[in-house]
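The values are calculated or read from the model by the stated rules, or taken from the named source; none is laboratory data. Everything quoted here is computed from the prediction, not taken from an experiment. Cβ sites come from the backbone with ideal geometry, for glycine too, and all protein chains shown count toward neighbours.
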Amino acid sequence: MRDETTSAPPAPPIPASGTVHWVGTGLSTGAAGLGLLFDWAERVLLWGRSTERAAGLLARLELTGRAGVRALEDGALAAEVRAGDVVVSMLPATEHAGLLRLCAERGAHFACSSYVAEPLAELAADAASTGVVVLTEAGLDPGLDHLLAHRLIQRAREAVGDRAGSVRFTSFCGGLPAVPNDFRYRFSWAPYGVLAALTSPSRYIDEDVERTSVHPWEATRPHRLDGEEFEVYPNRDSLPFIAQYRVPDGWHLTSFVRGTLRNAGWSTAWKPVFETVRTGDEARIRALAQDLAERYPTTDADRDRVVLSVALDVRGADGTDWQGSYVLDLTGDGTHSAMARCVSLPLAFGVTRILDGGLPAGLNRAAESPGEVDRWLRFLDDNGVRSTFQETVGTGPTAPA
């Protein structure tokens, strides 16, 4: 089994105090996630750039009066965090390490929806020995995609075992305008962050070859789901997730791609954007991000859509062919954007698991054990974030040993 390096067992988790600090008031903070914590935690504090900004978010989400509001000023958060509290970071990923250091100093737990960068991984390893729980990759992508990948791999192993001559895995996710616009996109997070993500090379396996795309958008291809045309491209480095998803060593991966999904026509509409991103000129990229924010603002009248497609195709050593896929397709409404629901609801549920003492100290990426994956998916199904599963089992020529 491909697996990550293990370390000494973590200490027992520090008992949760019942207080949650939700830090950040951006577009990914939703009523569903906050509402769950208001019902579950003893006390929730919402931290914004100002108390007015935090109060304004509660008013927009129709949650006024259900949380304390605080201004994220120098030293203010540090003055209030206590042992056993949970600090939830909705800030940019560059801010996570500083918040986790604060949590480690105070004996508080930490949660975010972002990928695990190296500084965060190192801090989480140290936190394990002190009983601090670190929950990461617990939103939509990463997060929900992990849950569905684990479930598919579990189902495939039950069907074909741990030896397979040909395995294709794909996971594509995108936040889209519910009604496609001329730009073929709706910003659900900071425009600069969207453009900066395009500057990161992608690494993946395709057609039995390990590939690297310096400019990920150049690997864009069509992708059809339920009769609808989309475009997809590889995003970031897919290969570490082979170990994270515990893909059996006896499976021969002919394709393994994690990437981004966009409306059909996106690659054409974004050609001027790609020309600027390709230069690598930080000042030009930031100026373009500001321009795009002004030209394509998110308004209360907008409706967004989230589409997540995770698929696995396995030909077992005995000739059994197994195909399975999950598709999540959710459109926002006047109260809940689809993106905010899909990010904040799983993250908030993860926080309830910390409050319950259900997660071990140290680094946790969403949910990885079969029992925990089932628990998260049941909760999400019950709360309107439902994925449709399809499965096909057949018999073909025996795969090579």
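Key figures for this structure:
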| item | result |
| --- | --- |
| Residues of region 283-305 satisfying the condition of being under 22 Å from Val273 (Cα atoms) and among the hydrophobic types (A, V, I, L, M, F, W, C) | Ala283, Ile285, Ala287, Leu288, Ala289, Leu292, Ala293 |
| Residue among Leu261, Leu288, Leu308, Leu253 that is over 28 Å from Leu27 (Cβ atoms) and at pLDDT 95 or above | Leu253 |
| Which listed residue is in contact with a Leu (Cβ under 8 Å, 6 or more places away or on another chain), of a type in the set (S, T, N, Q) and either modelled with pLDDT of 95 or more or exposed (fewer than 15 other Cβ atoms within 10 Å of the Cβ) (or both), from Thr64, Thr94 | Thr64 |
| Within region 67-91, tally of residues that are modelled with pLDDT of 95 or more and loosely packed, with under 14 Cβ neighbours inside 10 Å | 4 |
| Candidate set: region 11-20, residues that are in contact with a helix residue (DSSP H, G or I) (Cβ under 8 Å, 6 or more places away or on another chain) and over 17 Å from Phe349 (Cα atoms); chosen: the one surrounded by the fewest Cβ atoms within 10 Å (Cβ to Cβ) | Ala11 |
| Any pair with Cβ under 9 angstrom, 6 or more apart, that starts in region 209-232 at a residue that is touching a residue at least 40 places away in the same chain (Cβ under 8 Å) and within 17 Å of Gly175 (Cβ to Cβ) and ends at one that is loosely packed, with under 11 Cβ neighbours inside 10 Å and not small (Gly, Ala, Ser) | Phe230/Pro222; Phe230/Arg224; Val232/Pro222 |
| Any chance Ser188 is touching a Leu at 6+ places or on another chain (Cβ under 9 Å) and crowded, with 22+ Cβ neighbours inside 10 Å | yes |
| Some residue of region 2-9 being in a loop (DSSP other than H, G, I, E, B), at pLDDT 95 or above and either surrounded by 17 or more Cβ atoms within 10 Å (Cβ to Cβ) or in contact with a strand residue (DSSP E or B) (Cβ under 9 Å, 6 or more places away or on another chain) (or both) | no |
| Hits in region 189-232 - residues which are of a type in the set (Ser, Thr, Tyr) and over 22 Å from His252 (Cβ atoms) | Tyr192, Thr199, Ser200, Ser213, Thr220 |
| Options Glu231, Glu210; residue that is surrounded by 14 or more Cβ atoms within 10 Å (Cβ to Cβ), at negative phi and part of a strand (DSSP E or B) | Glu231 |
| Region 259-275, residues that are among the hydroxyl-bearing types (Ser, Thr, Tyr) and under 24 Å from the mean Cα position of the chain (by Cα) | Thr260, Ser267 |
| Residue count, region 158-167 (criterion: of a type in the set (D, E, K, R) and either within 21 Å of the chain's Cα centre (by Cα) or over 10 Å from Trp251 (Cα atoms) (or both)) | 1 |
| Hits in region 21-55 - residues which are in a helix (DSSP H, G or I), free of Cβ contacts under 8 Å to residues at least 24 places away in the same chain and either touching a strand residue (DSSP E or B) at 6+ places or on another chain (Cβ under 8 Å) or crowded, with 22+ Cβ neighbours inside 10 Å (or both) | Thr51, Ala55 |
